[in-house]
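The values are calculated or read from the model by the stated rules, or taken from the named source; none is laboratory data. Keep in mind it's a predicted model, so treat the numbers as computed, not measured. Here the Cβ is made from the backbone with ideal geometry for all residues, glycine too, and neighbour counts use every protein chain on show.
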Amino acid sequence: MFYYESVKKNTKENTMIDIKKYKEFLDGCDFSACTKRTYLDSVRSFIMHGFEEWTPQNAVAYKNMLIAENKKPRSINVMIASLNHYAKWQGQKGIKGVKINDEPFAVNGMEIDDFHNLIDHLLADGKYHWYIALKVLAGTGMRIGEATQVTYGDFKRGYATVWGKGGKERTVFFSHTLRETLYMYVAGKPENEHVIPYNPHYVREAFRRIKNRYGIKCKTNPHEYRHFFAREMYDQTKDVALLKGLMGHESIATTSHYIKKTSKQAMRMYAHAQNW
């Protein structure tokens, strides 16, 4: 685990962006490669928007530029949070992100029929490696950065220790049902081979191509399977505390965000319940 105190902080007078030193700092942190890339990309974006030094005033101006470019609020907040990490490294305070009006339902979220439709397409086309990837993501709720750390040896053993968000270590379990379902596809795989042998960026692009190839209408990005897992698991157990542990969340409030009904489910339930 890293400590900010172990890094020589810049003074408030020395606020010029030094991305090389920041990268060296990140290389010594226990973050995933995806997190490090996000942090660096956000600082590079800040520079590309014409800012050569960090100040709260420049950060606010940058945020306003992102808003003017019609960036999605959640995307803006990811970039601001990443930039705030750089500010903290510099020994300065960050700025607030933009307010998000949270959707009451999971708009265009994946449902069980969508999932079965997609995996049927993959099996019919012999794309077994993506079939395995989807089953593992949907059966565990792992983040894509966590899932790419899992080996076939981990899967066969029934659990894996992965580095999650914020460089935190956690254990992920693979159910007997999931392992039994995939047995014929993983039986002969080398124990040290990764179940998803690609970096997260490649997987996101591959899932986008799969969505277009099969004309899938719902969301199919890797993180959607984390939401899908949460909705399905909660529907089966009604135990949000259990789900919180399985998802690796610190707060039940975060878990609650993942168990929202899809907009289609909400309409069906509303139509079924209304009898007056």
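Screening Gly139 against (1) under 20 Å from the mean Cα position of the chain (by Cα); (2) over 24 Å from Gln265 (Cβ atoms) leaves a single unmet condition, (2). Number of residues in the range 147-166 that are modelled with pLDDT under 95 and either at positive phi or under 12 Å from the mean Cα position of the chain (by Cα) (or both) equals 3.
Against the definition (in the same structural domain as Tyr225 (by TED's automatic domain parsing), crowded, with 18+ Cβ neighbours inside 10 Å and either under 28 Å from Asn199 (Cβ atoms) or among the hydrophobic types (A, V, I, L, M, F, W, C) (or both)), how does Leu118 come out, yes or no? Yes.
Is it the case that the range 215-222 has a residue that's within 27 Å of Thr171 (Cβ to Cβ), in contact (Cβ under 8 Å) with a residue 24 or more places away in the chain and aliphatic (A, V, I, L, M)? The answer is no; no qualifying residue exists.
Just one of the numbered conditions (1) crowded, with 19+ Cβ neighbours inside 10 Å; (2) within 28 Å of Ile259 (Cα to Cα) is not true of Tyr86: (2).
Take the range 195-254 and flag every residue that is among the basic types (Lys, Arg) and either closer than 22 Å to Gly167 by Cβ or surrounded by 14 or more Cβ atoms within 10 Å (Cβ to Cβ) (or both). Across the range 195-254, the qualifying residues are Arg204, Lys211, Lys219, Arg226, Arg231, Lys244. Within the range 70-103, the only residue that satisfies the criterion of being touching a residue at least 40 places away in the same chain (Cβ under 8 Å) and basic (Lys, Arg) is Lys88. Counting the residues of the range 1-21 that are at pLDDT below 90 and in a helix (DSSP H, G or I) gives 3. Residues in the range 162-189 that are over 13 Å from Arg143 (Cα atoms) and of a type in the set (S, T, N, Q): Ser175, Thr177, Thr181. Scanning the range 223-252 for residues that are among the aliphatic types (A, V, I, L, M), in contact (Cβ under 8 Å) with a residue 12 or more places away in the chain and more than 11 Å from Gly109 (Cβ to Cβ) yields a count of 6.
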